Structures are given as structure tokens and as C-alpha cells.
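The values are calculated or read from the model by the stated rules, or taken from the named source; none is laboratory data. The model shown is predicted, which means the values in this text are computed figures rather than measured ones. With ideal geometry, Cβ positions are generated from the backbone for all residues, glycine too; neighbour counts draw on all protein chains shown.
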Amino acid sequence: MSRPGFWDNQERAQGVVGELKSLRLILKPLEDSLAAAADLDGLMELAGDDPSAEGDVRLEIERIEATLNDLELRALLNGPHDGAGAILSIHARDGGTDANDWAEMLQRMYSQWAQKNDYAIEILDRVPDDVAGIQSVTLAIRGPMAYGYLKGEMGIHRLVRISPFNSEGKRQTSFAAVDVSPEIDDSIKVEIDEADVREDVFRASGAGGQHVNKTSSAIRLTHIPTGIVVQCQNERSQHKNRAFAWKMLRARMVRAEEEKREAQDAEKYKSQARTGFGSQIRNYFLHPDQRVKDARTGYSSTQFHDVLDGDIQGFLDSFLRWRVQQHEAA
């Protein structure tokens with residue numbers, strides 16, 4: 001970082017800074033735990049002479065164990081792009097207006113989780129619904145291990161509640177799809193033949209000012225061989241929207257390659273793990289009782305509103321452990 005010209009390429013420089021932060025998240029608590037363990041002998045010797053110090057010994061052991069448990073979880077984030085930022089997309093699915101509202105609730109949930117972890121958030125694309133909520137949104141969530149933690153969120157999220165949009169007060173089931181890709185920098189080469197990509201230019205919708213809505217600044221890219229579609233309309237400049245769209249496409253292509261490897265591993269280990277953009281992964285119940293349950297891991301919480309306020313770390317951690325158990329069981 002001290003080399004001349006390091007900051008000339010801001011994107012690459014930020015990537016290195018992010019990598020440094022990811023390494024420090026592992027090394028700093030590891031070094032502290034090793035030092036604390038070395039000091040523990042002296043503390044235990046003191047407790048032998050002074051029984052009143054036994055409580056301090058127990059507290060220190062519990063603190064070291066908690067740190068090691070956290071390190072063990074982070075050690076599971078060992079994929080090739082787990083240390084990267086995440087590009088997270090949410091799409092309203094079945095459920096009409098309720099689904100659009102549900103998609104916006106999920107956007108808030110992930111944004112709150114990101115803020116709790118001091119991650120930066122940027123809206124790359126957002127399509128509001130005419131009645132309520134959103135049709136889709138794409139967020140960049142930047143911080144150490146963001147993709148590693150969030151990649152397990154990919155799939156269908158199902159909400160059951162009394163609909164606020166139904167005058168008869170009937171129960172409504174709504175669905176939203178979450179897709180997650182690693183945010184990669186230019187140092188990672190992704191081969192995309194531009195002849196395979198169709199570009200559509202259109203007018204941006206929703207909020208953004210008169211300039212955004214009156215000019216064809218939005219960009220949609222379709223990778224014809226794979227059917228992958230990305231779009232960006234949040235910037236006023238067509239040039240910036242195109243650059244972001246290509247970045248999103250590269251990220252999706254990297255994720256597609258990662259899915260191929262995961263499918264090969266699943267076949268190799270005979271694993272029937274239910275993951276992926278089209279798989280239902282979690283149920284959120286607001287009626288008849290309040291609870292959230294992961295369909296894969298079995299992890300659940302009765303604190304529905306806390307979960308929607310971003311308290312999802314328990315779900316993320318349980319997924320990491322579950323993936324390891326799947327391989328060990330196979």
C-alpha cells in the first residue's frame with residue numbers, strides 16, 4: 001500500500017484494502033487468543049493461591065472459547081471469492097402487491113444487517129412498484145467476507161401474514177427471490193464474448209429526477225448463451241450505468257462458474273443440499289404465530305421483528321456449519 005502509484009487505480013486499491021481487512025479479521029483475534037492462552041497459566045496459578053480468582057479464570061476461558069468459535073466460523077469462509085463484497089439482488093415473485101412489499105422488507109433487512117456490521121451499501125438498480133414496495137433491487141454490500149456470509153441467502157424467501165393490502169384481512173403468502181454474486185475487481189479475468197451480449201437501452205423508472213426519467217440512460221445486458229440478465233438504471237449517466245451493468249454481469253458469470261463447481265461437489269459427495277436461486281430456503285411467519293425458520297438448516301427464531309431489523313447472523317452462521325456437516329455426512 002505504501003508503493004508509489006498504489007492509489008492510481010482506486011478500484012484495485014480498494015480491493016487490496018478489503019483483502020487486508022479480511023486477513024486482519026482472522027489474524028488479530030488469533031494473535032490475541034494465543035497471547036491470552038499463554039497468560040492463562042499464570043492466571044490459573046494465581047487462582048491456586050487465591051480461590052477468589054477462580055471466577056476470573058472461568059470468565060477468561062469463556063472469552064477465549066467465544067473468540068475461537070468465531071474464528072472457526074470465519075475459517076469456513078474459504079471459497080475463492082468469500083472475502084469479496086457482495087452484489088445482492090431481490091426480485092418480487094408470486095403474491096402481487098404483497099410480494100412487492102415483501103421484497104422491500106427484505107431490502108431493509110439486508111441493509112440493516114450490513115449497517116450493523118459496518119459494511120458500505122450502494123443501490124445499483126431499483127425498480128419501484130406502482131402500488132407499493134419494489135419489483136426488484138440490486139445492492140452492492142462492501143466489507144470483509146460480505147459475499148462469504150451472504151451467498152447462503154440465495155434462494156426463495158417465503159412470507160406468510162395477514163395482508164395489509166387485503167380489505168378482508170385474509171392470510172397471504174408472498175415470495176421473493178434473492179440472488180447473490182461476488183463483487184470482483186478488474187484483477188479477476190472473466191472471459192465474455194461481447195458478441196454474446198445483447199444491450200438494451202431504456203428510460204429509467206421511478207425516483208431519480210426529471211433527467212433520469214426523460215433520457216434513455218438505463219442499460220440492460222443479456223448474456224444470450226446463459227440467459228443471465230442484469231440491468232442498471234440508478235445513475236444519471238448512461239456510461240456509468242453501462243459500466244455498472246458490465247460489472248454485475250461479470251459477477252454473475254463468476255457466480256455461475258462457482259455454482260458449477262458446487263454442483264460437481266454435490267455429485268461427488270452425493271449431497272442433496274437445497275441451495276440456489278430457485279430453491280425455497282426460508283419461511284417467515286407473521287401469522288398465526290411469529291417465527292422464522294430456515295428450510296435447510298432447521299435454525300429458527302421466534303423474534304420475527306428482530307430478524308427483519310437485520311438480526312440474521314444466526315441464520316448465516318448456521319448455514320456455514322450446515323454446509324460443512326453436509327460434506328462430512330457424505
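As a summary of the residue check, Arg93 satisfies the conditions (1) more than 30 Å from Lys170 (Cα to Cα); (2) surrounded by fewer than 21 Cβ atoms within 10 Å (Cβ to Cβ); (3) in contact (Cβ under 8 Å) with a residue 24 or more places away in the chain except for the one numbered (1). If the condition is being surrounded by 23 or more Cβ atoms within 10 Å (Cβ to Cβ) and under 20 Å from Val131 (Cα atoms), then the range 150-176 contributes Leu159, Ser174, Ala176.
Residues in the range 22-69 that are among the hydroxyl-bearing types (Ser, Thr, Tyr) and either in the same structural domain as Gln325 (by TED's automatic domain parsing) or surrounded by 12 or more Cβ atoms within 10 Å (Cβ to Cβ) (or both): Ser22, Ser33, Thr67.
Might you check whether a residue that is within 18 Å of the chain's Cα centre (by Cα) and either on the phi < 0 side of the Ramachandran plot or modelled with pLDDT under 85 (or both) occurs anywhere in the range 228-238?
Yes, the range 228-238 has at least one match.
Cβ-Cβ distance below 6 Å, separation of 6 or more or different chains: which pairs start in the range 310-330 with a residue that is more than 22 Å from Tyr119 (Cβ to Cβ) and part of a helix (DSSP H, G or I) and end on one that is modelled with pLDDT of 80 or more and hydroxyl-bearing (Ser, Thr, Tyr)? Hits for this filter: Trp322/Thr297.
Could you tell me whether Ala120 is surrounded by fewer than 18 Cβ atoms within 10 Å (Cβ to Cβ), in the same structural domain as Arg236 (by TED's automatic domain parsing) and under 14 Å from the mean Cα position of the chain (by Cα)?
yes
Applying the criterion of being farther than 13 Å from Arg203 by Cα and touching a helix residue (DSSP H, G or I) at 6+ places or on another chain (Cβ under 8 Å) to the residues of the range 228-254, the residue that is surrounded by the fewest Cβ atoms within 10 Å (Cβ to Cβ) is Ile228.
Kindly indicate which of Ser22, Ser2, Ser89 is among the hydroxyl-bearing types (Ser, Thr, Tyr) and farther than 30 Å from Asp125 by Cα. Reasoning before the result, please.
Values: Ser22 fails: farther than 30 Å from Asp125 by Cα; Ser89 fails: farther than 30 Å from Asp125 by Cα.
Just a single option satisfies the conditions, and that option is Ser2.
Counting only strands (runs of 3 or more DSSP E) that sit wholly inside the range 63-181, those with at least 1 residues that are under 25 Å from Gln14 (Cβ atoms) and out of contact with any His (no Cβ under 7 Å at 6 or more places or on another chain) are 85-92, 120-128, 134-142.
Suppose we keep only residues that are among the acidic types (Asp, Glu) and under 14 Å from the mean Cα position of the chain (by Cα) within the range 304-318. Which one would you say is modelled with the lowest pLDDT? So that I can check it myself, show each step before the final result.
Of the residues in the range 304-318, the ones among the acidic types (Asp, Glu) are 306, 309, 311, 317.
When the remaining residues are screened for being under 14 Å from the mean Cα position of the chain (by Cα), the result is 311, 317.
Numbers: Asp311: 96, Asp317: 92.
So, considering only residues that are among the acidic types (Asp, Glu) and under 14 Å from the mean Cα position of the chain (by Cα), the one modelled with the lowest pLDDT is Asp317.
Let's see how each residue does on (1) more than 21 Å from His305 (Cα to Cα); (2) in the same structural domain as Arg203 (by TED's automatic domain parsing); (3) in contact with an Asp or Glu (Cβ under 8 Å, 6 or more places away or on another chain):
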position: Leu71; (1), (2), (3): yes, no, no
position: Arg93; (1), (2), (3): yes, yes, no
position: Gln107; (1), (2), (3): no, yes, no
position: Leu124; (1), (2), (3): yes, yes, no
position: Gln135; (1), (2), (3): yes, yes, yes
position: Gly143; (1), (2), (3): yes, yes, yes
position: Gln172; (1), (2), (3): no, yes, yes
position: Val180; (1), (2), (3): yes, yes, yes
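Residue pairs whose Cβ atoms lie under 8 Å apart, sitting 6 or more positions apart in sequence or on different chains, and linking a residue in the range 31-50 that is in a helix (DSSP H, G or I) to a partner that is modelled with pLDDT under 80, are Leu43/Ala53; Leu46/Ala53; Ala47/Ala53.
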